[in-house]
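Encoded as structure tokens, the structure appears first; notes follow it.
The values are calculated or read from the model by the stated rules, or taken from the named source; none is laboratory data. No experiment lies behind these values; they were computed from the predicted model shown. Here the Cβ positions follow ideal geometry from the backbone for every residue, glycine too, while neighbour counts run over all protein chains shown. Areas reflect the complete protein model, heavy atoms only, side chains present, ligands, DNA and RNA absent. Shrake-Rupley method; radii C 1.70, N 1.55, O 1.52, S 1.80 Å.
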Amino acid sequence: MSSIMSVWRAITRYPVTRGMATYALLMPASNTTQQLLDPNRKKYDLKETLRFGVFGAFILAPSLYCWVRLANMIVKTETLKGAIIKALVEQVTWSPFAYTQFYLCINLMEGKSWDECEQQWRTKVPQTWKTGACFWPVVQTVNFWLVPMKNRVPFTACFSYIWNTFLSYMHHKQVPA
């Protein structure tokens, strides 16, 4: 057990790897939750869960870490006003990028054609963005205002469990073109 803990401490020593480890666990957990709650699903899809883990650890977490660092360079103040500005800037800049990378990457990992991926992106990103605009500004205002820099990605990841369950649901939802 102590060797497992020493490996965990080594992995989580740096903020980016802490975020990667966190998302490597939370994205698959979110997808598993969505699969288990989906009344239309006939059986559990382990490969889908693994794709969510790969996406979370190797694509989302590093890009989110870069965004959080960039947000701190754009708005340097750690006040409530600065946190609100960062959260609003995030909704306009980071969120569309994050939703784009989610829908494109997950669909490409499933082996869909570029046209299919683009169609999913066109139909689902606007609805996802509207929903996220009601959820993330509050979470990120608290994050940017009260959470120390080294813990911001893991803090976001905790709320991402809920959000990523929603994303998994949206990924499977049929949205008219």
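List every residue pair whose Cβ atoms sit under 6 Å apart, with the two residues 6 or more apart in sequence or on different chains, where the first one lies in segment 101-127 and is over 15 Å from Gln174 (Cα atoms) and the second, anywhere, is open to solvent by less than 20 Å² (accessible area, probe 1.4 Å) and of a type in the set (Gly, Ala, Ser). As it stands, the answer is none, since no pair meets every condition given.
I want to confirm something. Restricting to segment 42-59 and keeping residues that are among the aliphatic types (A, V, I, L, M) and over 15 Å from Leu108 (Cα atoms), which single residue is modelled with the highest pLDDT? Outline the logic, then answer.
The first filter runs over segment 42-59 and keeps only residues among the aliphatic types (A, V, I, L, M), leaving 46, 50, 54, 57, 59.
Those left that are additionally over 15 Å from Leu108 (Cα atoms): 46, 57.
On the way: Leu46: 98, Ala57: 95.
Looking at the filtered set, the residue picked out is Leu46.
For segment 1-51, the set of residues classified as closer than 27 Å to Tyr169 by Cα, open to solvent by 40 Å² or more (accessible area, probe 1.4 Å) and part of a loop (DSSP other than H, G, I, E, B) consists of Pro39, Asn40, Arg41, Lys42, Lys43, Tyr44, Asp45, listed by residue number.
Answer yes or no: is there a residue in segment 87-98 that is touching a residue at least 24 places away in the same chain (Cβ under 8 Å), assigned to a helix (DSSP H, G or I) and β-branched (Val, Ile, Thr). So far as segment 87-98 goes, no, none of its residues is touching a residue at least 24 places away in the same chain (Cβ under 8 Å), assigned to a helix (DSSP H, G or I) and β-branched (Val, Ile, Thr). Checked against the criterion of being part of a helix (DSSP H, G or I), β-branched (Val, Ile, Thr) and in contact with a Phe, Trp or Tyr (Cβ under 9 Å, 6 or more places away or on another chain), segment 55-62 contains one or more residues that satisfy it.
Checking each residue in segment 147-168 for being at pLDDT 90 or above, open to solvent by less than 20 Å² (accessible area, probe 1.4 Å) and of a type in the set (Ser, Thr, Tyr) picks out only Ser168.
Among residues that are open to solvent by 60 Å² or more (accessible area, probe 1.4 Å), within 21 Å of Pro15 (Cα to Cα), free of Cβ contacts under 8 Å to residues at least 12 places away in the same chain and of a type in the set (A, V, I, L, M, F, W, C), Cys134 is not included. Glu78 meets all of the listed conditions (1) in a helix (DSSP H, G or I); (2) surrounded by 14 or more Cβ atoms within 10 Å (Cβ to Cβ); (3) not basic (Lys, Arg) but one, namely (1).
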